[in-house]
1. Would you kindly state how much longer the chain becomes between D251 and E35 on full extension, computed as 0.36 nm times their sequence separation minus their alpha carbon distance, in nm to one decimal?
2. Collect residues whose amide H, placed 1.01 Å from N in the peptide plane, falls under 5 Å from the amide H of K313; neighbours closer than 5 in sequence don't count.
3. Total Lys pairs in the chain closer than 17 Å by alpha-carbon, pairs eight or more apart in sequence or interchain only?
4. Cβ under 15 Å from I249's Cβ, I249 left aside: what net charge do those residues give with Lys, Arg +1 and Asp, Glu -1?
5. With r defined as the distance between the Cβ atoms of D204 and M1 and R0 fixed at 41 Å, what FRET efficiency is calculated, to the nearest 0.05?
6. For a paramagnetic label modelled at 7 Å from the Cα of T309 toward its Cβ, which residues of the stretch 7-38 fall within the zone defined by backbone nitrogen distances under 12 Å?
7. Using a cut-off of 12 Å between beta-carbons, work out the net charge of the residues near A329 (Lys and Arg +1, Asp and Glu -1, A329 not included).
8. Residue separation times 0.36 nm, minus the C-alpha to C-alpha distance between E192 and L233: what's the value?
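Read-outs throughout are calculated quantities, based only on the coordinates presented, and are distinct from any laboratory measurement. The structure presented is a predicted model; accordingly, all values stated were derived computationally and were not measured. Counting neighbours? That spans all protein chains shown, and the Cβs are built from the backbone with ideal geometry, glycine included.
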Amino acid sequence: MLRVAYIDGDGIGPSIMDSARQIIDASGVKIEWIEARAGDQAHTDLGDPLPQETLATIRDTQLAIKGPCTTPVGAGFRSVNVALRQEFELYANVRPTRAFKGVNCLFPGLDLVTVRENTGGFYTSMEHWIGNKDAAIAIGVNTREGMTRVCRHAFEYAVANGRKMVTAVHKANILKLLSGLFLDVATDMAKEYPNIEFNDRIIDNMAMQLVRDPYQFDVIVSTNLFGDIISDLTAGLIGGLGLAPGANIGDTVAIFEAVHGSAPDIAGKDIANPTSVILAGIMLLRHTGHSKEAQRVEDAVLAVLAEGTHVTKDLNAKAGVGTRAMTEAILTKLGD
Ligand code: NAI
Ligand code: MG
């Protein structure tokens, strides 16, 4: 029996998480879901967006699946998502981007993965004002250890998954130390992997090339901020944020979630696409060694996407169905 902390999050979180839980339960893997609270609603209800109890639950289960958590913009409490990644040293954020048959998208057949450094860079919350808010300073921190472990993860991921190439994305021409350290570590490590092709791109050029010809990339490794931006961009290439899962991996704990946020603009309407967090659940099954069951669920999701009738409106604007109806369609496939 797997024990998994279950955080439903904010906005569309509870609805898509309910969908994912039903579908993962139908995989046949026995899971005890241990509900834990985090996010804006937890802040309102409990006075703390990330209660100690939630941290204790995850420390105990070492596995979690979470819905997106709202972070106030400009002021207010710091991101729960970032705090969780730092607390449990979830240094590698693995975000696959895959174009699915039947989904209308810019780049059919695209299949690439972003590995984002997840604990450092400009996400350290070290910011301060100067004078009477005359200037603002943010401190970015990249450590050699941090760069080494995320690059190692990217290369090992490439080897384990039959990938051919790793591209390091940086801004070492301007941030000569902060980004240069990352590039140096990646370039040195590449020598240990003679069977994996290695190259690098400067982030601005990378953005242009991803939009023009993403097929030239395979595994992308980058620092925290660039990896965050790249993975939303690549989601856009394959049909949107409704199709983009992510795994936050550390040495002991792993937390699975969607790439997207709490989508307050569509919350409570039964229209959110649950696929991202379902795919995150499939990553959880594979991570815990249940690859057969993961494949069964993935086949069911792929079949529903390929038919294109029981999918949400982000994928089929005219005839799209609600979150619940899409969930039912996947469950029916699993029961066939
Ligand atoms: P967002 O990812 O929530 O939404 C961006 C756009 O994509 C919106 O138009 C939304 O409707 C659409 N979208 C997102 N997920 C969708 C889905 N499953 N199905 C259909 N359409 C979908 O980004 P936004 O609006 O910038 O952020 C909202 C909140 O989420 C913020 O508070 C942000 O801090 C938080 N956030 C949380 C994350 C997490 O929990 N890991 C990650 C990213 C943002
Ligand atoms: Mg993001």
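1. Numbers: separation 216, 0.36 × 216 = 77.76 nm, distance 2.29 nm.
Gain on stretching D251 to E35: 75.5 nm.
2. HN-HN under 5 Å from K313: V321.
3. Taking the chain as the scope, the lysine pair count is 7.
4. +1
5. Numbers: r = 48 Å, r/R0 = 1.18.
My answer for the efficiency is 0.25.
6. None, by backbone N distance to the label point.
7. -1
8. Details: separation 41, 0.36 × 41 = 14.76 nm, distance 2.99 nm.
Here the answer is 11.8 nm.
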